Amino acid sequence: MATTATDYRWINDYPGLTEAYCVTLVRGVSVQQFLQGMRAEPEESIPGYSAFEDRTWEVWGEHDGDHYLIGATSVPGDEGEWVLGLEVNGFLGTVNQLVAPLSHDTRLVSHFCNVNAVDRFLWYDDGTLRTSFEPLFPTQRATPDPDGLVGLMEEVGFDLREGDEHDFSMLTEAAFALAERLTGVRVTPDVLDDATFATGLVPWSAVRNS
């Protein structure tokens, strides 16, 4: 059966993925190419999601928020291998100046949410942003292809009704499901827990000056 938001209810067991996170999926690049494209300074590899989340908060304390930890691992998806980029309490996968170049000659999908309910879903093909929207407000989609995902959005569980009847539940789950539909990458607890994440630190200056 086709993936929907209900297939991602498990993320509620991972507070870092419900409170503040960013996931980036890129087809056909290496982990090293991904981290270089994100302007990350190499760090040690980290085994498993739990250790990665712990290291994220250590970095935050060590650098007073001036550096961001990003992890990457290779995963299977449509048309070959993809890189899964992961951030806890991060947003780098939604910075156009970083991700648009990474999407040249390929596809990139990212989604993000923070503790203030600011969120974003992005779909790039070959350097061009196809669709951008906030999962909290899925009826407000940016050009050039604002309606290109409407059918899939409804199928995975986004409520596109206007007004008081709008259902705001399971928005993050729906974002994960929509990303899977566009990439063929299924993120599961085993994928996160069994992964070895190549990691890097991205200085705020690299983002600010990009």
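The values are calculated or read from the model by the stated rules, or taken from the named source; none is laboratory data. Computed from a predicted model, the values in this text were never measured in an experiment. Please note: Cβ atoms are built from the backbone with ideal geometry, for glycine as well, and neighbour counts cover all protein chains shown.
One residue alone among Gly163, Gly151, Gly85 is modelled with pLDDT of 95 or more, not in a strand (DSSP E or B) and not acidic (Asp, Glu), and that residue is Gly151.
For Asp167, indicate whether it is within 22 Å of Arg27 (Cβ to Cβ) and of a type in the set (D, E, K, R). No, not satisfied. For the stretch 158-183, filtered to residues that are among the small types (Gly, Ala, Ser) and surrounded by fewer than 21 Cβ atoms within 10 Å (Cβ to Cβ), the residue that is nearest to the chain's Cα centre (by Cα) is Ser169.
Report the residue count in the stretch 131-162 for those that are in contact with a Pro (Cβ under 7 Å, 6 or more places away or on another chain) and either over 20 Å from Thr6 (Cβ atoms) or polar (S, T, N, Q) (or both). Of the residues in the stretch 131-162, 1 are in contact with a Pro (Cβ under 7 Å, 6 or more places away or on another chain) and either over 20 Å from Thr6 (Cβ atoms) or polar (S, T, N, Q) (or both).
I need the full set of residues from the stretch 38-47 which are in contact with a Leu (Cβ under 8 Å, 6 or more places away or on another chain), surrounded by fewer than 21 Cβ atoms within 10 Å (Cβ to Cβ) and not acidic (Asp, Glu), in order please. Within the stretch 38-47, Arg39, Pro42 meet the criteria. The set of residues in the stretch 179-198 that are touching a strand residue (DSSP E or B) at 6+ places or on another chain (Cβ under 6 Å) and not aliphatic (A, V, I, L, M) comprises Thr183, Gly184, Thr196, Phe197.
Quick grid of which residues meet (1) without any contact (Cβ under 8 Å) to a residue 24 or more places away in the chain; (2) in contact with a Leu (Cβ under 8 Å, 6 or more places away or on another chain); (3) surrounded by fewer than 22 Cβ atoms within 10 Å (Cβ to Cβ); (4) of a type outside the set (Lys, Arg):
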residue	(1), (2), (3), (4)
Val83	no, yes, no, yes
Leu92	no, yes, no, yes
Ala117	yes, yes, yes, yes
Thr143	yes, no, yes, yes
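Scanning the stretch 23-52 for residues that are in contact with a helix residue (DSSP H, G or I) (Cβ under 9 Å, 6 or more places away or on another chain) and either without any contact (Cβ under 8 Å) to a residue 12 or more places away in the chain or part of a helix (DSSP H, G or I) (or both), we see that the one that is nearest to Gly71 (Cα to Cα) is Phe52. Screening the candidates Ile70, Ile11 for the property of being at pLDDT 95 or above, touching a Cys at 6+ places or on another chain (Cβ under 9 Å) and either over 23 Å from Leu122 (Cα atoms) or of a type outside the set (Ser, Thr, Tyr) (or both) yields one hit, Ile70.
Applying the condition of being within 18 Å of Trp60 (Cα to Cα) and among the polar types (S, T, N, Q) to the stretch 184-210 and asking which residue is surrounded by the most Cβ atoms within 10 Å (Cβ to Cβ) yields Thr199.
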